[in-house]
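The structure appears below as structure tokens.
Please treat every number below as a calculation from the coordinates, not as lab data. These figures come from a predicted structure and were not determined experimentally. Cβ sites come from the backbone with ideal geometry, for glycine too, and all protein chains shown count toward neighbours.
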Amino acid sequence: MDFKQIEAFVNVVRYKSFSKAADAMFFTQPTISTHVSNLENELGVKLLDRKGRKIEMTQQGSVFYKFAVDMVNAREQAVAAMDGVGEEVQGILEIQTSSIPGIAFLPEVIAEFRKIHSGTKFYVTLSDTQNVIDNLGERVGEIGFVGSRSNTASYEYTKLFSDRAVLMAPKSYNLGRKVSLDEILGLPFLWRESGSATRKSFEEAALALGHDKNDFDIAGLFNDIDSIVRSVEAGLGVSVISKRTAEAIANDKVDIIEIKDFNDKRDFYMVTLKNAALSPAAERFAEFVKEYIIK
């Protein structure tokens with residue numbers, strides 16, 4: 001077993017593609033395939049299921065992947081230490097993020113980071129808070145950005161910013177600048193997926209006011225914030241979203257409205273897995289984020 005085999009496997013998982021892994025490592029696709037096959041033969045297990053264009057880890061692959069990522073990161077740290085850890089860092093940094101920090105925070109931070117470390121490439125996956133936590137636990141991604149903290153002690157959190165939710169509605173609804181929860185109860189709602197921290201906090205607020213989630217008219221369920229915004233524009237319904245996100249992506253086709261009964265602020269965090277070796281690029285980026293939020 002050598003590091004090229006391990007790196008090939010890690011990059012195929014990261015990019016979900018043999019060809020993209022080959023591009024990242026400056027190898028040919030057949031070479032990447034050979035490295036992975038040799039690794040599977042040496043371990044005596046199948047690590048990847050190749051279903052047409054779709055690539056998934058087997059159960060054994062998921063177990064090995066955690067160790068593989070740690071081995072690759074530990075080697076990069078050792079090499080960086082021997083090189084004196086210069087100012088410039090390079091490498092591929094895999095980030096898991098929920099939608100709000102992924103839209104309203106990360107793009108600017110990544111852009112600023114790459115002005116200093118242009119050799120760093122980012123592989124960003126946007127999902128919801130629960131998926132981010134689950135993926136980090138499986139070593140899919142080194143750094144995460146989420147809208148709530150879990151009760152699990154194996155994660156380390158750094159607070160980034162606070163935000164509150166607002167209502168996004170089609171212009172044609174003419175709801176004004178502020179509404180109460182009772183006033184919008186009968187409107188068609190566009191919900192985020194069940195792992196969304198925004199949806200969870202709104203449902204808790206509605207419950208505290210005597211409403212159940214079944215009291216709402218659900219017009220659609222989406223796992224992509226852009227689809228929600230486009231659907232609101234089209235007049236399909238209203239949606240509760242982060243104010244920072246709304247300010248970043250709203251346009252003149254929608255209204256951003258305060259909800260009188262829902263003023264609680266939510267905190268957003270950078271999260272890493274405790275006791276897991278981070279690559280030099282991930283370590284430097286985490287430090288950069290902490291410095292960035294202090295400015």
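Starting from the amide H of residue 124, placed 1.01 Å from N in the peptide plane, find each other amide H under 5 Å away whose residue is 5 or more places distant or on another chain.
95
Need the full-extension length gain, residue 217 to residue 233, defined as separation in residues times 0.36 nm minus the C-alpha distance. One decimal, nm.
On the way: separation 16, 0.36 × 16 = 5.76 nm, distance 1.80 nm.
Stretched out fully, the residue 217 to residue 233 stretch lengthens by 4.0 nm.
Under a 5 Å amide H to amide H cut-off, with H placed in plane at 1.01 Å, what residues pair with residue 193 once short-range neighbours are removed?
Amide H neighbours of residue 193, under 5 Å, 5+ apart: 222.
By how many degrees, 0 to 90 and rounded to 10, does the Cα axis of helix 197-208 deviate from the longest principal axis of the chain?
The helix 197-208 is inclined about 30 degrees to the chain.
Find, among the trypsin sites (Lys or Arg not before Pro) in region 173-267, those assigned to loop by DSSP (not H, G, I, E, B) with at most 12 other beta-carbon atoms within 10 angstrom. Before the final figure, lay out each step's value.
Numbers: sites: 177, 178, 192, 199, 200, 213, 230, 243, 244, 253, 260, 265, 266; in loops: 177, 253, 260.
Sites meeting the loop and neighbour criteria: 177, 260.
Local charge sum around residue 48 (other residues, Cβ-Cβ under 12 Å, Lys/Arg +1, Asp/Glu -1)? Don't skip to the answer; put the middle values down first.
Details: positive: 16, 46, 50, 51, 54; negative: 40, 49, 56.
That works out to +2.
Among DSSP beta bridges whose residues both lie in the chain, state the antiparallel percentage, nearest 5.
On the way: 24 of 43 bridges.
So the antiparallel bridges amount to about 55 percent of the total.
So what is the relative contact order of the chain, in percent, for Cα pairs below 8 Å that sit 6 or more residues apart? Don't skip to the answer; put the middle values down first.
Numbers: 481 pairs, mean separation 66.9, N = 295.
This gives 23 percent for the chain.
Given a cut-off of 23 Å, name the pairs among 46/274; 66/290; 115/265; 260/290; 4/46; 4/290 whose C-alpha atoms lie farther apart than that in the structure shown. Let's see the in-between values first.
Details: 46/274 29 Å; 66/290 26 Å; 115/265 32 Å; 260/290 33 Å; 4/46 18 Å; 4/290 33 Å.
Over 23 Å apart, Cα to Cα: 46/274; 66/290; 115/265; 260/290; 4/290.
Under 25 Å Cα to Cα from residue 253, which lysines show up? Leave out anything in the same chain fewer than 8 places away.
The qualifying lysines are 171, 178, 243.
Over region 1-86, what relative contact order in percent results from Cα pairs under 8 Å that are six or more residues apart? Intermediate values should be presented prior to the final figure.
Numbers: 78 pairs, mean separation 23.1, N = 86.
Rounded, it is 27 percent for region 1-86.
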